[in-house]
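First the structure, in the form of structure tokens, and then the observations on it.
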Amino acid sequence: MPRPRAIVTVDEQLLWLIALPETPAGASCPASAASLRLLSARFDAMGPSAADVAVGVTAAVTAALLEWLRELPELPELPFVGEPFGGIEGTD
């Protein structure tokens, strides 16, 4: 069965087709202990999740950035919004 779609008119030349969820928002059914055990076993069988990998990558990037910032002698002062800075007569 195809998913229901909504058509949103952006302008006279552009329409967006948006796939709607198959179940109404907020619809749920109670979980049984057996279904939760089955779901847990499936997650365990998948191995490291994408979330675990993303956390590891984020931690490595953050550590590298902090190390780079520690090596900087001092951050340059930046002008306030609207103030001229640098270049010939502050034209940058």
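The values are calculated or read from the model by the stated rules, or taken from the named source; none is laboratory data. Here the structure is a predicted model, which is why all the values come from computation and not from measurement. Positions of Cβ are generated from backbone atoms using ideal geometry, with glycine treated the same way; all protein chains shown enter the neighbour counts.
Observations
- Yes/no for S40 being at pLDDT below 85 and assigned to a helix (DSSP H, G or I): yes
- Every listed requirement among (1) among the hydroxyl-bearing types (S, T, Y); (2) within 23 Å of the chain's Cα centre (by Cα); (3) modelled with pLDDT of 70 or more is met by S49 save one, (3).
- Here A64 meets each of (1) surrounded by 10 or more Cβ atoms within 10 Å (Cβ to Cβ); (2) part of a helix (DSSP H, G or I); (3) of a type in the set (A, V, I, L, M, F, W, C); (4) at pLDDT below 80 with one exception, condition (4).
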